[in-house]
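Q: I'd like to ask you about the structure that follows.
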Amino acid sequence: MTRFLKNTTLASIEEAYGQLHDDSSKSLSLPNSFDNEGGLGITGALIQYLAAWSRAHSDSTLKVSGTPDSPDIYNLAGEPFGTAAIYFASRIEFHSGEILTQQEARRYLLPSVKAMQAWELRKTMKPKGVHLVSFGGAANEFILPFYARRDELSLRDESGFRSLTEKMLNAFSPLTASRLDEVGLTLISQIIFELFSNTHEHARLSEADKPYTQNMRGVLFREIDYRVTVNSQVLAADVPTQQYFARMALNKAHHKADRAINEARVDKIMKGIQEPKRSVSRGATRFLEITVYDSGPGLARNWARRKLKRDIAEVPIAEEDALVRQCFGMHMTTKSGKGRGGGLTGTVSYLSSLDAFMVLRTGRLLLYQDFSRFKEFSPNHWNVKEPPLFEAPGATYTLAIPLGTGKA
């Protein structure tokens, strides 16, 4: 059985792909939550893994503690990765022995779906955040926060996503919303609009234009408080993110420290010489975490089939890397005919303006970029493993945006 623990990392998710097609991996268990709410990119990467898991096993089984009426399953359903696990699993098997079919199990998702449709955004995720998701082919696929009507032609425009972004922020953290000026709020809403529009256009169908039996696309908002002491184990598993968090915390406007001094502090933190302890008086450095994800074909697979007329398996990893980078170029799109399809070039500009950090998992790649240091799209490969990785369904963008630094 595949077990994900409370201290799951991106590396451990990648390792699980290695046993994905083993018969023993058809059963899976998850914690109700992760330590420190999981590292940046964990939730989206796990949702992608769960999609791959369900497609690898027709009899995929989610193992859950307790009984069908115990808090365990309800707590799991309140987490975005738990929503995905319940949705993708063929059945749920409880520790008490009861077994629910896929259709029976999905009743645990109804409260969140009803909350989304009723615009009760605070009720869409536990313990604190907002999670909006469209389930492909479902009666409620085109949820009202994303769509003006319940059909595929009614995706909201920029102004609609501007209003949605403000409502999402106010739903779980009015303080976060108050930290954003009009420019920052507009930039964030433009990012959500462009990324979700791209998902709407390219992730609802396979690269062969056929619907998936099961498919998800969604957006997650929550807040990160950077105040904990980072130990060597965390640093080893998540060096790029910790470097970014440490740098942005030390560069906060009210610290008034010289940039060179801050860079030296970051270097000591990453070497374990100095721990990034924060005093109560200064409080935490807060970041807005945004995840936009889908379980569709992924960026490069779409490009390979539609533009190159080749299967992604025939494409060398260096060429796949180049294809993903092209997706962020001006007017680069696989969309044919009329429609949005303007590529993702705007997202790069918005992320740069916000000094954001991005983790991107798609296909056989896991990339990251610190836009506070490099303004053009020039991501690095994550340090968990040299590419190629095992292919992950869809694309997940996880963003960290600093609050209260004068940029957002």
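Q: Kindly provide the set of residues from region 109-135 that are under 17 Å from the mean Cα position of the chain (by Cα) and surrounded by 18 or more Cβ atoms within 10 Å (Cβ to Cβ), ordered by number.
A: Passing the criteria: T124, M125, K126, G129, V130, H131, L132, V133, S134, F135.
Q: Can you tell me which residue is surrounded by the fewest Cβ atoms within 10 Å (Cβ to Cβ) among those in region 71-103 that are of a type in the set (S, T, Y) and out of contact with any Gly (no Cβ under 8 Å at 6 or more places or on another chain)? Even if it seems obvious, please write down each step before you answer.
A: First, the residues of region 71-103 that are of a type in the set (S, T, Y): 74, 83, 87, 90, 96, 101.
With the extra rule that they be out of contact with any Gly (no Cβ under 8 Å at 6 or more places or on another chain), the set shrinks to 74, 83, 87, 90, 101.
Values: Y74: 16, T83: 26, Y87: 25, S90: 16, T101: 11.
Among them, the one singled out is T101.
Q: Got a sec? Which helices (runs of 4 or more DSSP H) wholly within region 146-240 have at least 1 residues that are at pLDDT below 90 and surrounded by fewer than 18 Cβ atoms within 10 Å (Cβ to Cβ)?
A: 174-179, 232-237
Q: Further question on the same structure: Looking at D311, D267, can you tell me which residue is modelled with pLDDT of 80 or more and among the charged types (D, E, K, R)? Full working, then the answer.
A: On the way: D267 fails: modelled with pLDDT of 80 or more.
After applying the criteria, what remains is D311.
Q: Here's a follow-up. Quick check on A300: is it in contact with a Phe, Trp or Tyr (Cβ under 6 Å, 6 or more places away or on another chain), of a type in the set (G, A, S), surrounded by 20 or more Cβ atoms within 10 Å (Cβ to Cβ) and at pLDDT 60 or above?
A: No, not satisfied.
Q: Next up: Any chance you could count how many residues in region 367-408 are under 14 Å from the mean Cα position of the chain (by Cα), hydrophobic (A, V, I, L, M, F, W, C) and either closer than 30 Å to A177 by Cα or at pLDDT below 90 (or both)?
A: Of the residues in region 367-408, 5 are under 14 Å from the mean Cα position of the chain (by Cα), hydrophobic (A, V, I, L, M, F, W, C) and either closer than 30 Å to A177 by Cα or at pLDDT below 90 (or both).
Q: Sticking with this structure for a sec: For W119, all conditions in the list (1) of a type in the set (F, W, Y); (2) touching a residue at least 24 places away in the same chain (Cβ under 8 Å); (3) under 22 Å from Q214 (Cα atoms) hold save one; what is the number of the exception?
A: Result: W119 fails condition (3) only.
Q: Please count how many residues of region 384-398 are touching a strand residue (DSSP E or B) at 6+ places or on another chain (Cβ under 9 Å) and either over 22 Å from V348 (Cβ atoms) or among the hydrophobic types (A, V, I, L, M, F, W, C) (or both). Spell out how you get there, then give the answer.
A: First, pick out the residues of region 384-398 that are touching a strand residue (DSSP E or B) at 6+ places or on another chain (Cβ under 9 Å): 384-385, 387-389, 391-398.
From what is left, the residues that are either over 22 Å from V348 (Cβ atoms) or among the hydrophobic types (A, V, I, L, M, F, W, C) (or both) are 384-385, 388-389, 391-393, 395.
Here the count works out to 8.
The values are calculated or read from the model by the stated rules, or taken from the named source; none is laboratory data. Owing to the predicted nature of the structure, the values given are computational and were not obtained by experimental measurement. We place every Cβ from the backbone using ideal geometry, glycine too, and count neighbours over all the protein chains shown.
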